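**Student:** Structure incoming, see below.
The values are calculated or read from the model by the stated rules, or taken from the named source; none is laboratory data. All values derive from a computational prediction rather than experimental measurement. No Cβ is skipped: glycine too gets one built from the backbone with ideal geometry, and neighbour counts run over all protein chains shown. Remember, those area values only see protein heavy atoms, side chains included, never the ligands or the DNA or RNA. Shrake-Rupley method; radii C 1.70, N 1.55, O 1.52, S 1.80 Å.
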Amino acid sequence: MLPRPQSHSAALGPGCTGPSLANPTPLGLEPRPVRHASQAPACGAEAFVVDPVALANGQPRKHTQYPYVTGTSVLGITYKDGVLLASDTLGAYGSTKRYKAFERLRKVNDACVVGASGELSDFQFIMRLLEELSDDDFCMDDGHRLKPAEVHSYLTRVLYNRRNKMDPLWNSIVVGGFYAGKPFLGTVGMIGTSYTDAHLATGFGNHLARPLMREKHRPDMSEEEATALMHECLKVCYYRDKNSINRFQLAKVTADGVSVSEPFALETKWGYKLFQDPAANAVGTW
């Protein structure tokens, strides 16, 4: 006799239960009083953990319905021989600079790197999805791998799918890569909006860094020029964004592969006159 299909209650959520919990016991096959769904899994086994919230309103457990630990801007620019991405390493708990060594630039394969701002646990979930795809490519061992444009398209579908479920992943993603002799740079928003450009930024970087990029970026820039521009943009973001710290990483994608730098700090200057008295021209501040 085949056991009943394994299922889960709203309190348990998705996942796997052990064999003893998946198969009904003799007592589980006998008639029993009707109880709340979160206390009676369809497999007939006893629930081994119950979420009090699920007992109260019958709703499934919810995670990251609002961002708590977040990262700020991610910047990206293309240049003659590749792509540069940059971000700081801060995970902010509200206004608290809680985690100062969180790497928000991650390698997908030898042709692609992604960076994310927004909820960091959602970014970890996205990276698990990408790692599964990369593992599949490795196991196939046929010489093929995900192209940067394919990673960008895949993330667009993932974020749009979650948006349609009214359970979005609270991230803005930047995808950078180099394939077939051409740089690729694209972004995906938390509701699935996406586009590609020669330079990109998320968060406050859209307002602070992109004006500099529009002014100084050129398609034929050398790596040294692109790095200098990126450092200038990072400084401006650090000066003006309270959820940024002076600890950055730079990711480079070229025909030779992907490299992510060790964290570094930039030399800053706080002796500007307007920095010394920022409220001088702002009526009503103190």
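**Student:** Would you tally the net charge around ILE77, using a Cβ to Cβ cut-off of less than 14 Å, leaving ILE77 out, and scoring K and R as +1, D and E as -1?
**Tutor:** Values: positive: LYS80, ARG210, ARG214, LYS216, ARG218, LYS252; negative: ASP81, ASP197, GLU215, ASP220, GLU223, GLU224, GLU225, GLU232.
Within the 14 Å Cβ shell, the charges total -2.
**Student:** Another question, if that's okay. Out of the total accessible area of the stretch 95-223 (probe 1.4 Å, heavy atoms of protein only), what percent is carbon and sulfur? Please report the intermediate quantities before stating the final value.
**Tutor:** Working: 3530 of 6820 Å².
Carbon and sulfur: 52 percent of the exposed surface of the stretch 95-223.
**Student:** Moving on. For the stretch 69-260, just say rounded, prolate or oblate: build the C-alpha gyration tensor, square-root its eigenvalues into a ≥ b ≥ c, call rounded for a/c under 1.5, and beyond that prolate if a/b exceeds b/c, oblate if not. Kindly include the intermediate steps, with their values, before the conclusion.
**Tutor:** Details: a/c = 1.62, a/b = 1.08, b/c = 1.50.
Judged from the Cα gyration tensor, the stretch 69-260 comes out oblate (a/c at least 1.5, b/c at or above a/b).
**Student:** Where nothing but the Cβ of Lys and Arg (+1) and of Asp and Glu (-1) is charged, how large is the charge dipole of the stretch 126-284 around its Cα centre, in debye to the nearest 20? Mind dumping the intermediate values first?
**Tutor:** Values: 19 positive and 21 negative charges, 178 e Å.
Here the size comes out at about 860 debye.
**Student:** For the stretch 69-260, calculate the relative contact order in percent as a whole number, restricting contacts to Cα pairs under 8 Å that are 6 or more residues apart.
**Tutor:** Details: 431 pairs, mean separation 63.2, N = 192.
Across the stretch 69-260, relative contact order equals 33 percent.
**Student:** Just by accessible area at a 1.4 angstrom probe, what is the order of THR193, THR268 from largest to smallest? Don't skip to the end; give the middle numbers.
**Tutor:** Numbers: THR193 85, THR268 45 Å².
Largest accessible area first, the residues go THR193, THR268.
**Student:** Still on this structure: With a 1.4 Å probe and all protein chains in place, put MET140, MET230, MET190 in order of accessible area, largest first.
**Tutor:** Numbers: MET140 130, MET230 0, MET190 55 Å².
Highest to lowest solvent-accessible surface, that is MET140, MET190, MET230.
**Student:** Using +1 at the C-beta of Lys and Arg and -1 at the C-beta of Asp and Glu, which of LEU159, ALA209, GLY143 has the Cα lying farthest in the positive direction of the dipole of the stretch 69-260?
**Tutor:** Comparing the listed Cα positions along the dipole, ALA209 ranks first.
**Student:** Moving to a separate point now. Counting only pairs 8 or more places apart or on different chains, how many lysine pairs in the stretch 69-260 have C-alpha atoms closer than 22 Å?
**Tutor:** 20
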